[in-house]
Amino acid sequence: MSDIPNLSSQCKVITPSSPEYEKAIARSTLTAVIPAKYVVYPSTPSDISAILEFARTQNPPLPIAVKGGGLNSNPVSSSEGITIDMFQIRHVRLAEDKKSVTVGGGAIWEDVYAPLDEHSLIAAGANAWNVGVAAYVLGGGYSSLAPAHGYGCDSLLEATVVLADGRIVKCDADNEPDLFWALRGAGLQFGVVTELVLKTYPSHGPIFTGAIVYAPNELQSFLNVLKKRLSTPSPKQVFILGFSRAAPDYYPTLLFIPYVEGTPEEVDAVISPFRTEITPLLEQTVTLASFMQAAHFTDGITKQFPPRRINGLALFSGLWDDLVLSMYDEWLKFTENNDSKTSLVLWEFHPPGKNTEIDIKDTAYPCRKQQNYFNIYGLHTSPERDTPTREWIEKVTSKVNAANLEKMGFKFPIPQNHGSGLDAPEDIYGKHLQRLRELKTKYDPHQVFNKKYWTIPPLTPN
């Protein structure tokens, strides 16, 4: 069945001749698909050690990729060599004291949220249920829960890692502390994480969310109302402004997505100005009992995405009218192309909170100042639109970065799991790069884990 030795009987190996091959290399977007020589589904950490040994003894050594959720729009979870698909390692165990949860390295957040919800608990996870837990946590991990509990990496208590040389180690604040530091924010470069222990928290809810739609000529008025709201931030409130063309007519619209925790009276006090000071075209909102339910809210939207998706991200500090208005014009022009008409821009405004209170030296995650998120979803069908979409995303994210530098005097690093492949290591890891290079030299000197989207070069390349 396989020429990879020393695998357990439960480990499954797929090759191009296997009937399941096309399914095995499939991803959430065609832009992330790379044909692999092998797709291997380990069931134990020892299987991963055997896979890494096999890969490095080939001539030349086979490149490695690790797949968890597989949602990244870049081919970070695909490899022309060996793709290690963590699907079989997705166990979830709640501790007896209910203060932590142990999660397999292949789990997605739905695997975690569902059993925790039965105990009125939550982990500091992603806004979407189908995001991979390990990549989210190891890359930093921001969501609407970050102001209350910190980023995903801040809730990591312990991790089990298969290192590049095949050793299996457990690390925490006392054992392999340097590796534990690196995993929290730069962890996609140091090994295959097979198990994570995460803090748990009381469940959040009720949560008011949904979509409120406005005509584009209301943009300045909307920004005025939003500024007033943001002047009194709350860790229970996140606001998203989107630029969208909705079916069937694909007219440009403004999309407002509120996330507000609280009673009906508290919600009404927050949302009322968005209904009275500006006039919505449409409102489809709902109150949900828990964060687990909120994590499914966008299912209907993402199911309608075309087959090709390219994402972009930039961090920014404040709500600046000139920047938002100019980005609207950029988006409007780009989406005049018929194949790109469903592309989205989302401005996520997050309050400061626990995520900004943690000292930047405590983890490898380099973004600790108060920050908001400029998200782009470049959506299309034809492969011919890949290059112009990437170029447009690079153009507009560069403008957001430049605006932050001009107005605030600094540019944010790029969170690790949002690297585009064009970013220099210092643009991703910031002031932590030198220490990370030292640790890369110690734990992975031959760059077994070397995806270009977040490469950390060792001090002495081999």
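Of the numbered criteria (1) assigned to a helix (DSSP H, G or I); (2) under 22 Å from F239 (Cβ atoms), the one E348 fails is (1). Residues that are assigned to a helix (DSSP H, G or I), in contact with a strand residue (DSSP E or B) (Cβ under 8 Å, 6 or more places away or on another chain) and loosely packed, with under 15 Cβ neighbours inside 10 Å within segment 245-282 comprise P264, R275, listed in sequence order. Just one residue in the set A114, A128, A107, A124 is more than 19 Å from T363 (Cα to Cα) and in contact with a Ser or Thr (Cβ under 7 Å, 6 or more places away or on another chain); that residue is A128. Within segment 2-20, residues that are over 13 Å from A50 (Cα atoms) and assigned to a loop (DSSP other than H, G, I, E, B) sit with their Cβ atoms under 9 Å from residues that are basic (K, R) and modelled with pLDDT of 95 or more, at 6+ positions apart or across chains, in these pairs: T15/K37; P16/K37; E20/K12.
Please give the number of the condition R368 fails out of (1) in a helix (DSSP H, G or I); (2) under 18 Å from A182 (Cα atoms). Among (1) in a helix (DSSP H, G or I); (2) under 18 Å from A182 (Cα atoms), the lone unmet condition for R368 is (1). The single residue among V92, V103 that is without any contact (Cβ under 8 Å) to a residue 40 or more places away in the chain, closer than 18 Å to W129 by Cβ and surrounded by 16 or more Cβ atoms within 10 Å (Cβ to Cβ) turns out to be V92. Residues that are assigned to a loop (DSSP other than H, G, I, E, B) and either in the same structural domain as A114 (by TED's automatic domain parsing) or at pLDDT 95 or above (or both) within segment 77-95 comprise M86, F87, Q88, I89, R90, H91, A95, listed in sequence order. Taking the criterion of being aromatic (F, W, Y) and either closer than 21 Å to R390 by Cβ or not in a helix (DSSP H, G or I) (or both), the residues of segment 416-458 that qualify are F449, Y453, W454. Taken together, the residues in segment 165-194 that are in contact with a strand residue (DSSP E or B) (Cβ under 7 Å, 6 or more places away or on another chain), farther than 22 Å from P457 by Cβ and either in contact (Cβ under 8 Å) with a residue 60 or more places away in the chain or not hydrophobic (A, V, I, L, M, F, W, C) (or both) amount to 4. Is one or more of the residues making up segment 75-88 touching a Pro at 6+ places or on another chain (Cβ under 8 Å), touching a residue at least 60 places away in the same chain (Cβ under 8 Å) and among the polar types (S, T, N, Q)? There is at least one residue in segment 75-88 that is touching a Pro at 6+ places or on another chain (Cβ under 8 Å), touching a residue at least 60 places away in the same chain (Cβ under 8 Å) and among the polar types (S, T, N, Q). Residues in segment 370-387: is at least one modelled with pLDDT under 95, surrounded by fewer than 17 Cβ atoms within 10 Å (Cβ to Cβ) and not β-branched (V, I, T)? Looking through segment 370-387, at least one residue is modelled with pLDDT under 95, surrounded by fewer than 17 Cβ atoms within 10 Å (Cβ to Cβ) and not β-branched (V, I, T). Evaluating T15 against the criteria (1) of a type in the set (S, T, Y); (2) at pLDDT 95 or above; (3) out of contact with any helix residue (DSSP H, G or I) (no Cβ under 8 Å at 6 or more places or on another chain) leaves one unmet condition, (3). Could you tell me which residue of segment 403-437 is modelled with the lowest pLDDT, considering only residues that are of a type in the set (D, E, K, R) and surrounded by 14 or more Cβ atoms within 10 Å (Cβ to Cβ)? Going through the qualifying residues, I end up with D423. Summed over segment 283-341, residues that are within 23 Å of the chain's Cα centre (by Cα) and part of a loop (DSSP other than H, G, I, E, B) total 13. Considering only residues that are touching a residue at least 12 places away in the same chain (Cβ under 8 Å) and assigned to a loop (DSSP other than H, G, I, E, B), look in segment 33-57 and name the one that is surrounded by the fewest Cβ atoms within 10 Å (Cβ to Cβ). For segment 33-57, the residue satisfying everything is P35.
The condition of being closer than 30 Å to N59 by Cα and in contact (Cβ under 8 Å) with a residue 60 or more places away in the chain holds for K442. Screening the candidates I14, I84 for the property of being of a type in the set (A, V, I, L, M, F, W, C), touching a Lys or Arg at 6+ places or on another chain (Cβ under 8 Å) and buried (at least 21 other Cβ atoms within 10 Å of the Cβ) yields one hit, I84.
Just one of (1) under 26 Å from L71 (Cβ atoms); (2) assigned to a helix (DSSP H, G or I) fails for A402. It is (1).
Residue-level check: of (1) within 26 Å of G141 (Cβ to Cβ); (2) out of contact with any Ser or Thr (no Cβ under 6 Å at 6 or more places or on another chain); (3) not aromatic (F, W, Y), A314 misses just (2).
The values are calculated or read from the model by the stated rules, or taken from the named source; none is laboratory data. Since the model is a prediction, treat every value here as computed from it, not as a measurement. With ideal geometry, Cβ positions are generated from the backbone for all residues, glycine too; neighbour counts draw on all protein chains shown.
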